[in-house]
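The values are calculated or read from the model by the stated rules, or taken from the named source; none is laboratory data. Given the structure is predicted, the values throughout are model-derived calculations rather than measurements. Here the Cβ positions follow ideal geometry from the backbone for every residue, glycine too, while neighbour counts run over all protein chains shown.
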Amino acid sequence: MTPPDPLVAPRASRVVRGPNEPGNPRPVLVRTRAELAAALAARPVATGKTYGRAVVMTMGALHQGHLSLVRRARELADQVVVTIFVNPLQFGVGEDLGRYPRDLEGDLDLLASVGADLVFAPTPDVMFPDGDPVVRVTAGPLGEILEGVTRPGHLDGVLTVVLKLMHLTRPDVSVFGQKDAQQVMAVERMVCDLDVPVKIVAAPTVRDTDGLALSSRNAFLSPAERARALVLSRALGAGERATNASAADADAVRAAARGELDGADVELDYLALVDPRTALEVPAGHQGAAVLAVAARVGVTRLIDNVPLWLGEHEENDA
Ligand SMILES: Nc1ncnc2c1ncn2[C@@H]1O[C@H](COP(=O)(O)OP(=O)(O)OP(=O)(O)O)[C@@H](O)[C@H]1O
Ligand SMILES: CC(C)(CO)[C@@H](O)C(=O)[O-]
Ligand code: BAL
């Protein structure tokens, strides 16, 4: 017998209660557009937060990084919706779509612990009832650099589904992780360029105690690979420390990070010090905000990480 798909067969004993009911053990789970629309029609009690509804979009297999986004959403809004959808549009041929980790039951337990109200976990046929979308969003040049070199079309697929999920869930605010820095840039650019009425909030990267950025894909790493993967956060740390040296410039930051990566047992995809708005490399004399980003394959698992930096003098009120 085929084992049940954990994304399709929620545990029968699960108790589903209303989103604002005290003592709610788990968020309400909705799988269809009709269920989602009905759940969203019942407006939550206003609690004086800045926003009415926050949405956190995920691909599931949740970890503390995701939960930090939900906590931030909880601070910002009366109602917190989490979407769980492994989006086929953002995976290229030969990527890990088929083996991407899935654990809806575990996700619901974790989301209960941070007070999410509603989970929308559609299947692909719910998201794409008319088959693959013919009209799609493009990230333009932003989608062709960094991640886009190894994953052509990836950010187009992300933006197409993010926009669909925004239309379906109608958030006032949506929280994304800084860990996917280029994704945040692209989403911010999309809502600006296409006048999508939602505030985008970027939340800091959550790391393990040894510095490794939490990622659902860390589950694919063997203990030896996990140890090798630490070079990514070490490289970012070296770049960050280089910003403290007097007269440190962008090239010194890049060199410090590259020094850690030279000879490391990972297959480096890119190391880049980029403008936080455009994702383009900053010149040597750059002053101000920048993002030091890295991507590498550790065994067969591709990991990304980054750290936001400041180059040059801080203005007095930045301190
Ligand atoms: N360590 C983290 N800290 C903060 N936010 C994170 C972290 N990891 C992921 N996120 C954010 O969670 C949201 C959903 O991401 P996703 O479900 O792809 O998780 P992931 O762990 O990044 O998975 P992947 O292994 O595919 O990179 C995104 O906004 C992402 O940036
Ligand atoms: C934003 C997102 C949920 C779109 O599929 C995905 O790219 C992710 O999990 O970061
Ligand atoms: N967080 C980005 C999801 C992906 O790698 O496809």
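When you check ALA202 against the structure, is it within 16 Å of ligand 1 (Cβ to nearest atom) and part of a helix (DSSP H, G or I), yes or no? No, not satisfied.
Anything in segment 57-108 that is of a type in the set (S, T, N, Q), more than 12 Å from ligand 2 (Cβ to nearest atom), part of a helix (DSSP H, G or I) and crowded, with 17+ Cβ neighbours inside 10 Å? List them, or say none. Within segment 57-108, SER68 is the sole residue that qualifies.
Taking the numbered list (1) in contact with a Leu (Cβ under 9 Å, 6 or more places away or on another chain); (2) within 16 Å of ligand 3 (Cβ to nearest atom) in turn, GLU188 passes all entries but (1).
Among the residues of segment 141-185, just one is of a type in the set (Gly, Ala, Ser), over 21 Å from ARG217 (Cα atoms) and touching a strand residue (DSSP E or B) at 6+ places or on another chain (Cβ under 6 Å), namely SER174. Contact map, segment 174-187: residues that are acidic (Asp, Glu) paired with residues that are more than 6 Å from ligand 1 (Cβ to nearest atom), Cβ distance under 8 Å, separation 6+ or inter-chain. Pairs shown: ASP180/ILE304. As a summary of the residue check, ALA219 satisfies the conditions (1) surrounded by fewer than 18 Cβ atoms within 10 Å (Cβ to Cβ); (2) within 14 Å of ligand 2 (Cβ to nearest atom) except for the one numbered (2).
What do you reckon, is VAL191 buried (at least 20 other Cβ atoms within 10 Å of the Cβ) and within 14 Å of ligand 2 (Cβ to nearest atom)? Explain how you work it out, then say what you get.
Values: buried (at least 20 other Cβ atoms within 10 Å of the Cβ): no; within 14 Å of ligand 2 (Cβ to nearest atom): yes.
So VAL191 does not fit the description; no.
For segment 206-215, the set of residues classified as surrounded by fewer than 21 Cβ atoms within 10 Å (Cβ to Cβ) and in contact with a strand residue (DSSP E or B) (Cβ under 6 Å, 6 or more places away or on another chain) consists of ARG207 only. Among residues of segment 119-131 that are within 16 Å of THR58 (Cα to Cα), those with a Cβ under 8 angstrom from a residue that is buried (at least 18 other Cβ atoms within 10 Å of the Cβ) and modelled with pLDDT under 95, sequence gap 6+ or separate chain, pair up as ALA121/LEU7; THR123/LEU7. For segment 256-289, how many residues meet the condition of being surrounded by 15 or more Cβ atoms within 10 Å (Cβ to Cβ) and assigned to a helix (DSSP H, G or I)? Qualifying residue count for the region: 5. Restricting attention to segment 26-60, the residues being within 16 Å of ligand 1 (Cβ to nearest atom) and more than 17 Å from GLY115 (Cα to Cα) number 1.
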